[in-house]
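The values are calculated or read from the model by the stated rules, or taken from the named source; none is laboratory data. These numbers were taken from a predicted model, which means no experiment stands behind them. Positions of Cβ are generated from backbone atoms using ideal geometry, with glycine treated the same way; all protein chains shown enter the neighbour counts. Calculation scope for accessible area: heavy atoms of the full protein, side chains included, ligands and nucleic acids excluded. Shrake-Rupley method; radii C 1.70, N 1.55, O 1.52, S 1.80 Å.
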Amino acid sequence: MEKRAEKIRIVLVPLPIQGHITPMMQLGQALNLKGFSITVALGAFNRVSSSQHFPGFQFVTIPETVPISQHDTLGVVEFVVKLNKTSEESFKDCIAQLLLQHGNDIACIIYDELMYFSEAAAKEFKIPSVIFTTGSATNHVCCCVLSKLNVEKFLIDIEDPEVQNKVVENLHPLKYKDLPTSGMGPLERFLEICSEVVNKRTASAVIINTSSCLESLSLSWLKKELKIPVYPLGPLHITASATSSLLEEDRSCIEWLNKQKPRSVIYISVGSIGHMETKEVLEMAWGLYDSNQPFLWVIRPGSIPGSESLPEEVSKMVSERGCIVKWAPQNEVLVHPAVGGFWSHCGWNSTLESIGEGVPMICRPFNGEQKLNAIYIESVWRIGILLQGEVERGGVERAVKRLIVDEEGSGMRERALVLKEKLNASVRSGGSSYNALDELVNYIETEYSNS
Ligand code: UDP
């Protein structure tokens with residue numbers, strides 16, 4: 001598409017945590033390449049540096065919001081509730097300022113589904129708005145299903161094995177017991193958030209960072225249910241390469257990977273939020289050691305509560321066979337020929353990034369949404385192993401060998417490579433995600449010219 005002479009503006013409102021910022025900035029980059037001006041509205045306390053990698057973007061501050069540090073103390077649900085309460089009026093001021101500065105050039109506000117306060121400003125200033133779902137389409141389906149449940153009844157029903165194993169409204173293999181409620185605090189509060197997320201208010205479309213080759217059933221379900229356009233235009237990390245790491249990437253691990261044999265290394269990361277108990281870390285370390293495979297392990301500062309670093313016996317053993325970094329350039333790691341598998345918490349970005357490079361996975365999810373992704377990885381796409389129950393060294397050793405050494409792992413890698421090709425084809429000219437992006441662009445332009 002030609003760049004237009006006079007640019008129109010899109011305001012992006014990301015949730016300021018890593019797994020949400022990254023795809024939002026990639027969406028911004030993709031839309032910027034289509035000729036839109038991009039303004040990103042962020043709270044004063046977040047850690048994204050505007051000068052980092054987005055030279056064409058304007059950054060504005062929502063003055064009154066909640067520090068990201070409260071995400072850890074409050075937990076995700078209470079953090080999101082507080083953030084939305086605090087930011088609504090402040091964001092209206094922010095948009096008023098932008099309109100004063102630039103005239104009436106805002107074509108659309110695209111906000112993270114958890115930043116639903118944005119809608120009030122869009123409504124007040126009569127600006128079209130679009131919701132961005134950074135998780136999977138299936139997770140959004142689950143939010144719709146959960147938002148309609150009666151909490152008391154559900155809590156009783158879900159004790160019944162028959163209900164647990166019932167498939168959700170023709171969404172095979174999704175069962176009621178898989179609905180992503182665990183790790184989200186009290187069910188009632190979580191369902192309130194689900195209702196906010198599925199309440200589209202005046203938003204006129206939904207963007208999802210997925211591809212129809214991964215989740216066609218869930219996407220068809222959503223298209224019917226939501227009754228507004230749905231644009232599955234992902235995975236955005238292939239379309240746009242913008243990195244927006246909140247932590248400094250340690251690139252020394254790439255040199256270490258350069259010295260390893262092809263497809264021999266297991267890469268381990270639990271994302272930007274996950275924590276691990278010391279006991280689990282020790283069992284993992286011994287299991288990895290016993291597997292005889294080299295490993296690259298991301299241990300974020302603070303990710304093992306109560307420990308500053310690994311115990312000395314483990315550090316010594318790790319230095320023999322592994323490499324530990326505080327934060328890795330994950331996409332570069334996954335594309336590296338030495339990497340044979342990814343031990344992951346199955347955040348949606350990590351899942352897309354791993355499939356995007358054809359890397360099979362060992363799944364060790366923490367919360368419901370990640371468990372949902374893990375079920376798809378193991379049972380639908382059949383490109384990984386789900387590790388359940390307590391982690392012990394024998395289980396870790398077996399899982400690593402199954403994935404990296406055994407025939408079974410070769411099969412998973414073959415299927416992951418087929419999916420990789422499909423994903424790449426979907427973002428190339430004529431592919432479903434490529435077309436969805438173009439349709440979104442046309443849609444925003446039409447909405448703007450009609451407004
Ligand atoms: N990531 C990274 N380096 C690391 C670990 C993670 O760049 O050492 C990135 C990863 O590429 C992904 C994001 O952090 O884009 C994590 O998002 P995800 O949805 O997988 O999990 P979350 O952090 O939201 O739980």
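What the table shows:
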read-out	value
Dipole of the chain, positive end: most advanced residue of Thr22, Cys143, Ser429 [Cβ charges, Cα centre]	Ser429
Contact order normalised by residue count of the chain, Cα under 8 Å, 6+ apart, percent	15 percent
Net dipole in debye of the chain [+1 Lys, Arg Cβ; -1 Asp, Glu Cβ; about Cα centre; nearest 20]	920 debye
Extension gain (nm, one decimal) between Ser195 and Glu414, 0.36 nm per residue minus Cα-Cα	74.9 nm
Chain lengthening between Thr278 and Asn104 when straightened (0.36 nm per residue, less Cα-Cα)	57.2 nm
Additional length obtainable on full extension of the chain from Lys401 to Gln70, 0.36 nm per residue less Cα span	115.2 nm
Sequence of Phe295, Phe57 when ordered by accessible area, the most exposed leading, probe 1.4 angstrom	Phe57, Phe295
Thr65 long-range amide H proximity, modeled H, under 5 Å	Ala44
Point-to-point label distance, Lys85-Tyr434, nm (Cα→Cβ direction, 7 Å offset)	4.8 nm
Between segment 338-391 and segment 70-119, the alpha-carbon center distance in angstrom	32 Å
R0 of 30 Å, Cβ-Cβ distance His53-Gln164: FRET efficiency to nearest 0.05	0.10
In nm, spacing of pseudo-spin labels at Asn450 and Arg382 (7 Å Cα→C-beta vector)	4.5 nm
Residues of segment 190-216 with amide N under 14 Å of the 7 Å Cα→Cβ point at Ala425	212-214
Packing-based ranking, highest mean first, of 249-262, 354-367, 88-101 given that Cβ atoms within 10 Å are counted	354-367, 88-101, 249-262
Rounded FRET efficiency, nearest 0.05, which uses the C-beta distance separating Ala96 from Glu312 and R0 of 56 Å	0.45
For the chain, calculated [θ]222 nm from helices alone, where every DSSP H run of n ≥ 4 adds -39500 (n - 2.57)	-14500 deg cm²/dmol
Label-point separation in nm, Trp256 to Lys177, each point 7 Å along Cα→Cβ	3.8 nm
